[in-house]
Amino acid sequence: MYRFLLSRQWVILTLVALALIPTMIELGFWQLHRHEHRVALNKVIADSLAATPVPAESLTAPGAQVKRADLYRRVTARGHFDTAREEVVRRRTNSDGKVGYHVLTPFVLDDGKVLMVNRGWVPADGTQTAFPGIPAPRRGEVTLTGRLMPDETTAQSGIKEVKGLPDRQVMLIDSKQQARRLGERVLGGYVELISPAPRGGGPEPLPDPEHGDIGPHLAYAVQWWLFAAGVPFGWLVLARREARDRAATAAGEPAEEAEAAAV
């Protein structure tokens with residue numbers, strides 16, 4: 001009765017079903033890993049935001065990489081802003097989804113090292129080629145507080161470097177690139193400025209990172225596994241229906257009557 005399973009059509013269908021099962025199981029585990037990664041990241045962010053601020057140089061140094069456990073950790077530094085060598089980071093959006101720039105300003109520490117500071121968001125002009133007007137930060141010696149961030153990379157951000165950009169504009173915040181540009185000892189990573197608050201209407205401060213939402217990844221994982229379980233069930237239903245149809249044809253009776261009789 002089931003010799004039709006050896007036909008070319010059914011062999012192909014069976015092979016496809018056998019290939020789908022492990023693929024869907026693997027997709028489920030991929031979504032589960034994304035869920036676990038998000039949960040772990042949320043914990044890192046929550047712990048960092050709740051921790052007491054520490055000096056930036058206790059967590060990073062020239063040429064160093066910011067550790068994952070220190071992501072968004074609040075740090076302090078004392079020195080002065082060097083707006084003469086300020087740059088802007090292109091294609092950054094604010095909380096309303098408007099496209100503009102992030103303001104990247106060197107902060108010269110009392111010991112001569114440099115900490116790159118993302119002072120916040122400013123809107124882009126019409127052409128996005130001229131350097132935008134940016135309100136100046138506080139002058140003189142200040143103590144700032146910010147969230148420590150790792151260097152941005154193409155792999156991590158999905159943003160590609162673009163050659164031939166207008167003067168004083170970059171695509172990524174990279175402390176090593178900044179060290180070459182400035183010819184200074186630049187601390188690894190950068191900070192998102194929290195205080196002192198900007199004066200004169202900008203730049204727009206960067207919001208705290210979201211860390212309460214775990215996303216739909218766990219639900220997607222369960223969904224893929226249910227799909228995987230449904231493949232053999234669906235294959236079995238199709239095979240039984242095909243067997244009934246063939247039996248009805250061989251007996252010379254309509255397939256509908258044979259199916260009703262089987263029920």
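For segment 86-137, what is the Kirkwood hydrodynamic radius in Å, using each pair of distinct C-alpha atoms? Working shown, then result.
Working: mean 1/r = 0.0840 Å⁻¹.
Roughly 11.9 Å, rounded to one decimal.
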What whole-number distance in Å separates the alpha-carbon centres of segment 198-247 and segment 69-118?
37
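Counting other Cβ atoms within 10 Å, which trypsin sites (Lys or Arg not before Pro) in segment 157-186 have at most 16 and lie in a DSSP loop? Display every interim value, and only then the final one.
Working: sites: Lys160, Lys163, Arg168, Lys176, Arg180, Arg181, Arg185; in loops: Lys160, Lys163, Arg168, Arg185.
Passing both the DSSP loop test and the Cβ count: Lys160, Lys163, Arg168, Arg185.
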Among Gly79, Gly140, Gly188, whose mean-square fluctuation peaks in a Gaussian network model of the chain (Cα, cutoff 10 Å)?
Gly140
Return one number: the angle in degrees, 0 to 90 and rounded to the nearest 10, between the long axis of the Cα atoms of helix 8-50 and the longest principal axis of the Cα atoms of the chain.
30
Could you check which residue among Ala56, Ala69, Ala250 shows the biggest mean-square fluctuation in a GNM of the chain with a 10 Å Cα cutoff?
Ala250
Using θ = phi - 60° and the Karplus relation 6.51 cos²θ - 1.76 cosθ + 1.60, list the HN-Hα couplings for segment 112-129 in order, rounded to whole Hz, with x at every Gly or Pro.
x, 6, 10, 10, 7, 10, 8, 7, x, 10, 10, x, 8, 7, x, 8, 6, 10
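Accessible area of the chain with a 1.4 Å probe: how many percent of it is carbon plus sulfur? Walk me through the numbers before you get to the answer.
Working: 8730 of 15060 Å².
Carbon and sulfur: 58 percent of the exposed surface of the chain.
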Which of Met149, Met116, Met24 ends up with the largest GNM mean-square fluctuation for the chain, with Cα atoms connected below 10 Å?
Met24
Pick the calculated volume of the Cα convex hull per residue in Å³ for this structure from (i) 116; (ii) 135; (iii) 206?
(iii)
With angles folded into 0 to 90 degrees, how steeply does helix 217-251 sit against the dominant principal axis of the chain? Use alpha carbons for both and round to 10.
20
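Name the longest site-free stretch of the chain, where the excluded sites are GluC sites (Glu not before Pro) in a DSSP loop with no more than 10 other beta-carbon atoms within 10 Å. Can you show the working numbers first?
Values: sites that count: Glu141, Glu210.
Longest run free of exposed loop sites: 1-140.
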How much area per residue is accessible in the chain when the probe is 1.4 Å and only protein heavy atoms are counted (Å²)?
57
In segment 52-155, the trypsin sites (Lys or Arg not before Pro) that sit in a DSSP loop and have at most 12 other Cβ atoms within 10 Å of their own Cβ are Lys98, Arg139
What is the set of long-range amide H partners of Thr145 at a cut-off below 5 Å, with H atoms built 1.01 Å from backbone N?
Ile194, Ser195
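The values are calculated or read from the model by the stated rules, or taken from the named source; none is laboratory data. All figures in this text were calculated on a predicted structure; none of them were measured in a lab. Backbone-built Cβ (ideal geometry, glycine too); neighbour counts: all protein chains shown. Ligands, DNA and RNA are excluded from the accessible area calculation, which covers all protein heavy atoms including side chains. Shrake-Rupley method; radii C 1.70, N 1.55, O 1.52, S 1.80 Å.
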